[in-house]
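**Q** Have a look at this one before I ask anything.
The values are calculated or read from the model by the stated rules, or taken from the named source; none is laboratory data. Not measured: the values here are computed from a predicted model. No Cβ is skipped: glycine too gets one built from the backbone with ideal geometry, and neighbour counts run over all protein chains shown. Each accessible area value is taken on the protein alone, full model and side chains, heavy atoms only, with ligands, DNA and RNA left out. Shrake-Rupley method; radii C 1.70, N 1.55, O 1.52, S 1.80 Å.
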Amino acid sequence: MLSLQFLGKVSRLAVCRLLASPTATRVNTLSTHSDTQNKSSQTGPGDDKIFELRTYSLHPKDMGTFLKLSAAQMHKRLEHSKLIGYWTTELGGLNEVVHIWEYDGFSHRAAVRKALSEDQTWLDSYFLQVLPMWAKQDNMVLKLLPWSEVTSPKQKGVYELQSFSYTGKPQKLASGAKDYVASQLDCVGEDGVLVGAWRSIVGPLNTVYFLWQHIDMDGYFRRLGQGLAKGESHFEKGNAKILLPTAWSTLK
């Protein structure tokens, strides 16, 4: 797991993202920025791939035991499907883990869930052990936005999962999200990476998710009170979680 020293520096990315206009655009911003990252998931328009975002809240007394057991046994789960990332929530939630799984489609997910339910080794060594530790579980299904792909940053960092409710015309959701991201990437430099951008298809609908990696985070916290700069935006009811990768997370 990453050291909390990442929280002790200033993040230029977070400052710029909170001050930039969500409607600003920049030509070729996304393709240029992606050159600094490693592509880990090739998807495009019409692709059947889905992503399941899971959030588990644990009983406080069980958090440490859960993480130790997961570190020892999670390789058995990884044999069944692809993990995008697995994190503990540092801010924006307590005693919480967040993870994202990739599937080729709903049929693939159903097959994986069936296989897990029949994997007695997995059930005995992990699932039945951690089941009493969970206080709450949530999940939703996401699709990558047409212009986005999942990328893997080259260096370690801390992560931010942003979510916004979109109140504009549904057909403009993807382009509105792209404009928002472009406005943020204008001042990112090498200090941050957009890992992926999704829309919800199961769960709260018309919701957009952005997963960012930051080198450091202090600037983010200092500028929270200022909010977004003036400018029309159809993104409302925003939420953000600061996430630290676990030892078994594919994203570090």
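**Q** Just to be sure I understand, how many residues within region 73-84 are within 22 Å of LYS156 (Cα to Cα) and not in a strand (DSSP E or B)?
**A** 3
**Q** Residues that are assigned to a strand (DSSP E or B), at pLDDT 90 or above and open to solvent by 70 Å² or more (accessible area, probe 1.4 Å): does region 224-240 have at least one?
**A** So far as region 224-240 goes, yes, one or more of its residues are assigned to a strand (DSSP E or B), at pLDDT 90 or above and open to solvent by 70 Å² or more (accessible area, probe 1.4 Å).
**Q** Right, something else. Give the number of residues within region 59-80 that are in contact with a Phe, Trp or Tyr (Cβ under 9 Å, 6 or more places away or on another chain) and open to solvent by 10 Å² or more (accessible area, probe 1.4 Å).
**A** 12
**Q** Name the one entry in LEU211, LEU205 that is modelled with pLDDT of 90 or more, open to solvent by 30 Å² or more (accessible area, probe 1.4 Å) and not basic (Lys, Arg).
**A** LEU205
**Q** Here is a follow-up. Select from region 214-223 the residues that are open to solvent by 40 Å² or more (accessible area, probe 1.4 Å) and in a helix (DSSP H, G or I) and write down the one among them that is modelled with the highest pLDDT.
**A** Ranking the candidates gives ASP218 first.
**Q** Would you confirm, using the coordinates I've provided, whether GLN171 is surrounded by fewer than 16 Cβ atoms within 10 Å (Cβ to Cβ) and at pLDDT below 95?
**A** In short, yes.
**Q** What about TYR159, is it touching a Gly at 6+ places or on another chain (Cβ under 8 Å), surrounded by 14 or more Cβ atoms within 10 Å (Cβ to Cβ), at pLDDT below 95 and more than 20 Å from PRO204 (Cβ to Cβ)?
**A** yes
**Q** Additional query: Mind telling me which of the residues TRP122, TRP87, TRP101 ends up being assigned to a helix (DSSP H, G or I), open to solvent by less than 30 Å² (accessible area, probe 1.4 Å), among the hydrophobic types (A, V, I, L, M, F, W, C) and modelled with pLDDT of 95 or more?
**A** Within the list TRP122, TRP87, TRP101, the selection yields TRP122.
**Q** When both residues are 6+ apart or on different chains and their Cβ atoms are under 9 Å apart, which pairs have a first residue that lies in region 182-197 and is over 16 Å from SER148 (Cα atoms) and assigned to a loop (DSSP other than H, G, I, E, B), and a second that is among the β-branched types (Val, Ile, Thr) and modelled with pLDDT under 75?
**A** ASP186/THR29; CYS187/VAL15; GLU190/THR36
**Q** Does PHE164 meet the test of being closer than 24 Å to PHE235 by Cβ and open to solvent by 10 Å² or more (accessible area, probe 1.4 Å)?
**A** Answer is yes for this residue.
**Q** Now a separate question. Return the residues of region 125-141 that are open to solvent by 80 Å² or more (accessible area, probe 1.4 Å) and over 24 Å from the mean Cα position of the chain (by Cα); say none if nothing qualifies.
**A** Once the filter is applied, which keeps residues that are open to solvent by 80 Å² or more (accessible area, probe 1.4 Å) and over 24 Å from the mean Cα position of the chain (by Cα), region 125-141 yields LEU128, GLN129, PRO132.
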